[in-house]
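**Q** Quick one: the structure is below, questions incoming.
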Amino acid sequence: MAKKNHLYQDILQRLFRCEYRFGDRIPVKEIGEEMGVSRHPIMTALYKLQERGFVQITAQVGCEVVTPGAESIQDFYRMFALTEGLIAELAASRATAAEIAQLRLINAQIEALDAGDASHAGAYRQLNVAFHTALHAMAHSPVVCDRQSANFELSDFYIVQTCGFRAHLDRVAGEHQAVIEAIAARQPDAARAAAQAHIDSVSQTVSAALGQNGA
C-alpha cells in the first residue's frame, strides 16, 4: 500500500511540475524502469489518478493526461467554489481563536511574497496549500473536507497546466483576508460568499489562460 501511494504521489508531482501536459501520453514502461517497479502498481496509481480526474486510460491504447474543455473546467470550479463556501461558513461558527490566528499568520506569509519574482511561485503554492488545509480544519467537518482535498489537488493541477501560480499571486492575499475577517466576525454568510468569490476569481484566471492557450 505504501509503495502504491508513493507511486501515486510521484506521478501526481510530475503532473504538478508539468513534466506531462494536457494530452501527453504517460510513459508507463519508462516510469517502471526509472522507479524499479512492475507495470501493475503503476497502473493501480494511474487508475486512482483517473478516478480523480487527472488522466484517461484507454484499453489497448494507453494512458494520457486529460484535456479538459473550458466548460468542464468551469463546471468543476463551480462545484469547488460551493464546497469551499460551505467550509468557510462552517468555520465561521466553529473555528477557535487560535485557528483564526494561525490562518492570519499563513496569509501574512503569502502577502509578503513578490508576485513579480518567478521563484516565489513554488513558495506560494506551498503556503496556499497550508492556508486552505488550515481553513478546512477550522470547519471541523472531516467528511466535507476530505472530499474537498481531492478537489484542491485537481484545482492546483488546472492552475499549473494553464496560468501558473504567479498569475493570481497579486490578488490572493486580499481574497484570503476577506474570508478571514468574515470568519473572525462570526459571519457565516459573509464567509461563504468570500470563499466562493475567491475560488470564482481563480476560475476566471484559469479560464482566461485556457482561452489564450487555445485549449
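Values quoted throughout were computed directly from the atomic coordinates according to the rules given, and no laboratory measurement underlies them. On a predicted model such as this, the values are computed, not experimentally measured, just so you know. For neighbour counting, all protein chains shown are included, and Cβ atoms are generated from backbone atoms with ideal geometry for every residue, glycine included.
**Q** Please pull out the direction-averaged projected area of the chain, using the convex hull of its alpha-carbon atoms, in nm² to one decimal place.
**A** 12.4 nm²
**Q** Given the rule -39500 (n - 2.57) for each run of at least 4 DSSP H residues, summed and divided by the residues of the chain, what is its mean residue ellipticity at 222 nm, to the nearest 500 deg cm²/dmol?
**A** -25000 deg cm²/dmol
**Q** So, in Å, what gap is there between the alpha-carbon centers of segment 45-59 and segment 4-43?
**A** 11 Å
**Q** Counting pairwise Cα distances across segment 79-128, what percent come out greater than 12 angstrom?
**A** 70 percent
**Q** Let me know the shape class of segment 138-215, please: from the alpha-carbon gyration tensor, a ≥ b ≥ c as square roots of the eigenvalues, rounded when a/c is under 1.5, otherwise prolate if a/b is greater than b/c, or oblate.
**A** oblate
**Q** Continuing with this model, one more query. If you average the alpha carbon positions of segment 108-126 and of segment 167-184, how far apart do those two centres end up, in angstrom?
**A** Centre-to-centre distance over Cα atoms comes out at 14 Å.
**Q** Let me see the pair-distance distribution of segment 93-188: every alpha carbon pair, 10 Å bin width, integer percents in order.
**A** Final binned percentages: 15, 45, 33, 7.
**Q** Add +1 for every Lys or Arg and -1 for every Asp or Glu among the other residues with Cβ under 9 Å from the Cβ of A194, and state the total.
**A** -1
**Q** Send over the Kirkwood Rh of segment 1-121, from the inverse of the averaged 1/r over different Cα pairs, rounded to one decimal Å.
**A** 17.6 Å
**Q** Next up: Note down the magnitude of the dipole of the chain about its Cα centre, charges +1 on Lys and Arg C-beta and -1 on Asp and Glu C-beta and zero elsewhere, to the nearest 20 debye.
**A** Dipole of the chain, to the nearest 20 debye: 460 debye.
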